[in-house]
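J.: Take this structure first; my questions come after.
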Amino acid sequence: MRPFAYERATSVQDALERHSDGAVYLGGGTNLVDLMRLGVEEPARLVDVAHLPHDQIELRPDGSLVIGAAVSNSALAADRTVREGHPMLAQAVLAGASGQVRNLATVAGNLLQRTRCPYFQDASKPCNKRDPGSGCPAREGEHHNLAIMGHSPECVATHPSDMAVALAALGASIRIQGRAGERTIPIDELHRLPENEPERDTTLEPGDLITAVEVPPLGMPSRYRKVRERASFAFALVSVAAALDVDDGVVRDVRLALGGVAHKPWRAWHTEDALRGAEMTGESFQRAAEVELGVAEPLRDNAYKVPLVRNLIVRTLTELAERGAS
Amino acid sequence: MDMPIYAEITLVVNGTGHRLSVDTRASLLDVLREDLGLTGSKKGCDHGQCGACTVLLDGRRANGCLALAVAHDGAEVVTVEGLAKDGRLSPLQEAFIEHDAFQCGYCTPGQLCSATGMLDEAEQGWPSAVTGDLGADTVLDDEEIRERMSGNLCRCGAYAGIVAAVRQAAQRREAAGT
Ligand SMILES: Cc1cc2nc3c(=O)[nH]c(=O)nc-3n(C[C@H](O)[C@H](O)[C@H](O)COP(=O)(O)OP(=O)(O)OC[C@H]3O[C@@H](n4cnc5c(N)ncnc54)[C@H](O)[C@@H]3O)c2cc1C
Ligand code: SF4
Ligand code: FES
Ligand code: FES
């Protein structure tokens, strides 16, 4: 590992001032330190933002939440208001990593974790994301767990976060402090598709510091479901974050996002549109799922994800419909 | 070659304070093992994937291999060497012996620290991925124990004994009302 300077930020302003060329923010380090050890990241300076006073979860009177960027993944999942008001968010966090990783990991770090594409993590291999212009060996190589939608000839990676999928379904917003001041953007505009710039996972600019995540109230049953290659402690093959409000056999409102399918958490807007006002039957759920998956372009070895995620959508919505009807 | 960069930190390890000069690149695991000679904590993967390096960091279980020592200046750390009190093994350690919860023993320090932290988490009502009702109290059945201990791998496959030992420690703790 290349030697680096370490500095602990004492305030948001201090963090921004310390963040200059070659500097990288440090959260819990569970992804960054791993990638530094692999030689994938080689920062000259770490600016530690895990000790900033962004460690609170605020429940506002309207039922919305403001989650500090430095809240640990564990504290987020254990929080009573999150478990009661936004259960799919707690479930998504608990579905990720292990107890000891979640204790170290922060909310901002979770959002900004890098892809688990095996070539990205192997500094001896070409990879457009790590080394722009060097090629994408995953497209013809090992890609069984990479993207089926929204990929480009340059990159077929997936975003690995579980938490971000639930936040996408919830329509969360990301509070960012940048060199030009504070702004808040929808999570849908944080992560991006690879297009011809796969080296950019997000729309963040250099120095941008995430300070909080705002989550609107939900008010309907929700569920996060994840399919993986072993019973626990593995990244998703596919996952679904869903919330469903049914009334008299008809879907009144729905939220749906998919994980493991694209370079960003995939909000299934088309399925949501097809479902509002639809009958709550297995067939209508299936039809609505297929509207979204119609744009899927699976690679040689990951076509299995299309029926897998379709079935997961139908199963999760069916479960929520039964719960809502009872 | 770039020159290493050092930083002064303090750590309280198993109740004893230490002032150390550490390479900024050093993990907490390396500092415990190399600088403090506490070789109970093990390095299995160095990537957060096996749990052999698990220690209690400010009271919570954490992977020593992913924690930069310099980022935890001032922290309180408990390692497997600090689980026994006044020469007496902890109830969890005793349960591991009673239930043959290890073979080679390489994963055991991490299993012990992880289970110690996990029992506290459960006592504080933290849910897990297999907790059906997120609002309900935590009941540590075998499924819950397996899920909560899934960050600790055992190459010898001593899982049956580990689950039994953790279950016993959990039950005794509950009976003692502590
Ligand atoms: C073995 C293992 C298994 C895992 N399994 C899963 C899984 O199944 N599901 C899952 O979702 N995740 C999983 N993870 C990933 C884990 O969730 C992430 O590593 C963790 O959430 C990252 O948080 P952190 O605080 O440690 O981030 P760090 O590693 O500190 O940082 C990650 C990135 O975020 C940036 N950053 C941090 N804070 C800020 C901020 N405030 N503003 C701007 N930038 C910031 C850093 O510069 C860095 O680029 C796993 C990790 C490991 C090691
Ligand atoms: S899929 Fe993306 S991350 Fe993986 S090798 Fe191709 S360019 Fe790199
Ligand atoms: S050595 Fe830390 S998790 Fe394997
Ligand atoms: S006892 Fe040998 S690895 Fe667990």
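The values are calculated or read from the model by the stated rules, or taken from the named source; none is laboratory data. These figures come from a predicted structure and were not determined experimentally. Cβ coordinates were reconstructed from backbone atoms using ideal geometry, including for glycine residues, and neighbour counts include every protein chain displayed. SASA here: full protein model, heavy atoms, side chains in, ligands and nucleic acids out. Shrake-Rupley method; radii C 1.70, N 1.55, O 1.52, S 1.80 Å.
J.: Across bins of 10 angstrom width beginning at 0, how are the C-alpha pair distances of the range B:87-178 distributed, in whole percent?
T.: 17, 52, 26, 4, 0
J.: If you don't mind, there's one more thing I want to ask. Nearest 500 deg cm²/dmol is fine: what mean residue ellipticity at 222 nm does chain A get from its DSSP H runs of n ≥ 4 alone, each adding -39,500 (n - 2.57), divided by its residue count?
T.: On the way: 11 runs with 91 residues, N = 326.
After summing the helix terms and dividing by the residues of chain A, the value is -7500 deg cm²/dmol.
J.: If amide H atoms are built 1.01 Å from N in the plane of the peptide, which residues on other chains or at least 5 residues away come under 5 Å of the amide H of A:Arg267?
T.: Hits under the 5 Å cutoff: A:Leu258.
J.: Can I ask one more? How about the range B:135-178: which trypsin sites (Lys or Arg not before Pro) there are in a DSSP loop, with at most 16 other Cβ atoms within 10 Å of their Cβ? It would help to have the intermediate numbers written out before the result.
T.: On the way: sites: B:Arg146, B:Arg148, B:Arg155, B:Arg167, B:Arg172, B:Arg173; in loops: B:Arg155.
Qualifying residues, ordered by number: B:Arg155.
J.: Now for a different question. Solvent-accessible area per residue for the protein assembly as shown at a 1.4 Å probe radius, Å²?
T.: Numbers: 20730 Å² over 504 residues.
Solvent-accessible surface per residue comes out at 41 Å².
J.: Compute the long axis of helix B:108-123 from its Cα atoms, compare it with the longest principal axis of the Cα atoms of chain B, and write down the angle in degrees, 0 to 90, nearest 10.
T.: Taking Cα atoms only, the helix is inclined about 60 degrees.
J.: For the protein assembly as shown, what % of the accessible area comes from carbon and sulfur atoms, probe 1.4 Å? Intermediate values should be presented prior to the final figure.
T.: Working: 10100 of 20730 Å².
Here carbon and sulfur together make up 49 percent of the probe-accessible area.
J.: Nothing charged except the Cβ atoms of Lys and Arg (+1) and of Asp and Glu (-1): what's the magnitude of the dipole of the range B:6-82 about its Cα centre? Round to the nearest 20 debye. Numbers along the way, then the final one.
T.: Working: 7 positive and 10 negative charges, 50 e Å.
Its charge dipole is roughly 240 debye.
J.: Also, I was wondering about something else. Search the structure for amide H atoms under 5 Å from the amide H of A:Tyr6, placed 1.01 Å from N in the peptide plane, and list their residues when 5 or more places away or on another chain.
T.: Long-range HN contacts for A:Tyr6: A:Leu46.
J.: Next question, about the same structure. Distance between the C-alpha centers of the range B:30-89 and the range A:11-41? Whole Å please.
T.: 23 Å
J.: Follow-up. Of the residues A:Gly150, A:Gly99, A:Gly27, which exhibits the maximal mean-square fluctuation in a Gaussian network model of chain A defined by a 10 Å Cα contact cut-off?
T.: A:Gly99
J.: Kindly write out, for the range A:206-222 in residue order, the coupling ³J(HN,Hα) from the Karplus curve 6.51 cos²θ - 1.76 cosθ + 1.60 (θ = phi - 60°), rounded to whole Hz, with x marking Gly and Pro.
T.: With coefficients 6.51, -1.76 and 1.60, one gets x, x, 4, 10, 6, 10, 6, 10, 9, 10, x, x, 10, x, 8, x, 9 Hz.
J.: Could you give the length gained by full extension between B:Asp2 and B:Glu123, i.e. 0.36 nm per residue of separation minus their alpha carbon distance, to one decimal place?
T.: 38.8 nm is the gain from fully extending B:Asp2 to B:Glu123.
J.: Further question on the same structure: List the residues of the range A:1-35 that lose 40 Å² or more of accessible area once all protein chains are present, compared with their chain alone (1.4 Å probe, heavy atoms only, no ligands or nucleic acids).
T.: SASA drop of 40 Å² or more in the range A:1-35: A:Met1, A:Pro3, A:Phe4, A:Tyr6, A:Arg8, A:Val33, A:Asp34.
J.: Considering only A:His86, A:His270, A:His191, give the residue with the highest GNM mean-square fluctuation for chain A, with springs between Cα atoms whenever their separation is below 10 Å.
T.: Result for chain A, Cα springs under 10 Å: A:His270 fluctuates most.
J.: Given the options B:Gln168, B:Gln93, B:Gln103, state which has the largest fluctuation in a GNM of chain B using a 10 Å cut-off (strictly under) for Cα springs.
T.: The residue with the greatest mean-square fluctuation here is B:Gln103.
J.: Can I ask one more? Enumerate the calculated ³J(HN,Hα) couplings along the range B:139-149 in order (Karplus 6.51 cos²θ - 1.76 cosθ + 1.60, θ = phi - 60°), each rounded to whole Hz, writing x wherever the residue is Gly or Pro.
T.: 10, 7, 7, 4, 4, 5, 4, 4, 4, 5, 9
J.: Just how large is the dipole of the protein assembly as shown about the Cα centre, in debye to the nearest 20, putting +1 at every Lys and Arg Cβ and -1 at every Asp and Glu Cβ? The partial results should precede the final answer.
T.: Details: 51 positive and 70 negative charges, 140 e Å.
Using Cβ point charges on Lys, Arg, Asp and Glu, the protein assembly as shown gives about 680 debye.
J.: Additional query: When all alpha-carbon pairs of the protein assembly as shown are counted, what percent fall beyond 37 Å? Kindly include the intermediate steps, with their values, before the conclusion.
T.: Values: 36350 of 126756 pairs.
Considering the protein assembly as shown, 29 percent of its Cα-Cα pairs are separated by more than 37 Å.
J.: What size of dipole, in debye to the nearest 20, comes out for the range A:201-279 about its Cα centre when the only charges are +1 on Lys and Arg C-beta atoms and -1 on Asp and Glu C-beta atoms? It would help to have the intermediate numbers written out before the result.
T.: On the way: 10 positive and 12 negative charges, 93 e Å.
Dipole size: approximately 440 debye.
J.: On a 0 to 90 degree scale, rounded to 10, what angle separates helix A:305-325 from the longest Cα axis of chain A?
T.: 60 degrees
J.: Want the number for A:Ala303 to A:Arg183: 0.36 nm per residue separation, take away the alpha-carbon distance, what's left?
T.: Taking 0.36 nm per residue and subtracting the Cα distance, the gain is 39.3 nm.
J.: Mind checking how much accessible area A and B bury in total, 1.4 Å probe, in Å² rounded to 100?
T.: On the way: alone 14090 and 9720 Å², together 20730 Å².
Buried surface at the A/B interface: approximately 3100 Å².
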